[in-house]
1. Can you confirm whether ALA76 is over 30 Å from ALA269 (Cβ atoms) and either in contact with a Pro (Cβ under 6 Å, 6 or more places away or on another chain) or surrounded by fewer than 19 Cβ atoms within 10 Å (Cβ to Cβ) (or both)?
2. Assess whether GLU192 counts as being surrounded by 14 or more Cβ atoms within 10 Å (Cβ to Cβ), more than 26 Å from GLU137 (Cα to Cα) and at pLDDT 95 or above.
3. Please go through segment 246-271 and pick out each residue that is under 18 Å from GLN183 (Cβ atoms) and of a type in the set (Gly, Ala, Ser).
4. Looking at ALA261, ALA246, which one is under 22 Å from LEU306 (Cα atoms), outside any loop (DSSP other than H, G, I, E, B), modelled with pLDDT of 95 or more and of a type in the set (Gly, Ala, Ser)?
5. Name the one entry in ILE126, ILE39 that is at pLDDT 95 or above, of a type in the set (A, V, I, L, M) and either buried (at least 21 other Cβ atoms within 10 Å of the Cβ) or under 24 Å from ILE316 (Cα atoms) (or both).
6. Using the structure shown, decide if LEU16 is touching a residue at least 60 places away in the same chain (Cβ under 8 Å), surrounded by 17 or more Cβ atoms within 10 Å (Cβ to Cβ) and in contact with a helix residue (DSSP H, G or I) (Cβ under 8 Å, 6 or more places away or on another chain).
7. Where the second residue is among the acidic types (Asp, Glu) and part of a helix (DSSP H, G or I) and the first is touching a residue at least 60 places away in the same chain (Cβ under 8 Å) and under 19 Å from VAL291 (Cα atoms) and lies in segment 245-272, which pairs have Cβ atoms under 9 Å and are six or more apart or on separate chains?
8. Starting from segment 33-53, keep only residues that are of a type in the set (Lys, Arg), then list their pairs with residues that are assigned to a helix (DSSP H, G or I) whose Cβ atoms are within a distance under 7 Å, requiring at least 6 positions of separation or different chains.
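The values are calculated or read from the model by the stated rules, or taken from the named source; none is laboratory data. Quick caveat, the model's predicted, so the values are computed rather than measured. Cβ sites come from the backbone with ideal geometry, for glycine too, and all protein chains shown count toward neighbours.
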Amino acid sequence: MEHVKFGRTGLRTSRLCLGTMSIGNSAWKGWVLDEAESIPILERAVELGINFFDMADWYSAGVNEEVVGRNLLKMAKRDDLVLATKVFYPMSEAANDRGLSRKHILASIDRSLRRIGTDYVDLYIIHAFDPETPIAETMETLDGLVRAGKVRYLGASTMYAWQFSVMNMTARQNGWAEFVNMQCQYSLLYREEEREMFPYCRDQGIAVTTFSPLARGYLGGAGQSKRTAHDPYLSWFGDEIDVAIAERVTTLAKRRGVEPAQIAMAWVAGSGDVTVPFIGADTAHQVQVAVEAASIALSAEERLHLEELYRPRDIINDYNPIRRPRALAR
């Protein structure tokens, strides 16, 4: 497994990161795997040289961190792992158990560390932008976590580029730790981050990690699965243009003698804007398939063929209320 420099930092991570939203407790969401089904996936990832694992306190209401942490720390030395987790979404009905206030962040990091079974995380990510909390309050609190040794690096996810840049500017003006990572959705069916976020990150030396390379499984070409049956967000995709792009992925996969998921993954991995693509898996075999996909080099002509049908679409984040019918979202 190749290792890459993580943006402008001195950290090096595996070329791929295993996203673990599908690991935890099936009672949380129907497509999530319970612990017994999850262990072979984690084992295969470690065997293939993946050292970067992404979690969140919100996933499976905390059980995700427990399952991933408990098992990974049996499989590898803590110092050999790059562990990431997130904070923002509600963890209970309590008024302060959500968002990016000082109170919630300080409570959340300690709970996450206990669940994972470690005294620090390598990357602590805000899961979204909090319009109800002053930016300075959030950034000062995150800086304190770095100074306390509970967090090594800071990251952010799923927001507008202007929000991300203002948060980093606030940290810089006050001498606080800045975000070194942006985690965002990116696939052949969703490329809106190419407009503002990717150029900003490239200019600032910020590592880009991307999730959902298969567009919530839509580009996987494997038909019905637990994910497609239970994931409500799959409704973002599926108009006639998405169908046509997916058909091109399938056709190219047949020509190459590989799986459609590998073509979709190879397209993301071959982007010059992506530092580390996330992979997700329901089985150990899917981990193997994703790792093999990262080594597939698509030609310029193949990439153009896959890309040329794309049209602008609505931004997907927590702050965009626009949800036009798919046939009109062009």
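1. No: the conditions fail for ALA76.
2. yes
3. The first filter runs over segment 246-271 and keeps only residues under 18 Å from GLN183 (Cβ atoms), leaving 265, 268-269, 271.
Listed by number, the residues that qualify are ALA269, SER271.
4. Residue meeting the stated conditions: ALA246.
5. Working: ILE39 fails: either buried (at least 21 other Cβ atoms within 10 Å of the Cβ) or under 24 Å from ILE316 (Cα atoms) (or both).
Sole residue among the options that is at pLDDT 95 or above, of a type in the set (A, V, I, L, M) and either buried (at least 21 other Cβ atoms within 10 Å of the Cβ) or under 24 Å from ILE316 (Cα atoms) (or both): ILE126.
6. yes
7. Partner pairs satisfying both residue conditions: TRP267/GLU302; TRP267/GLU307; SER271/GLU194.
8. Sorted first by the residue in segment 33-53, then by its partner, the pairs are ARG44/ALA284; ARG44/VAL287; ARG44/GLN288.
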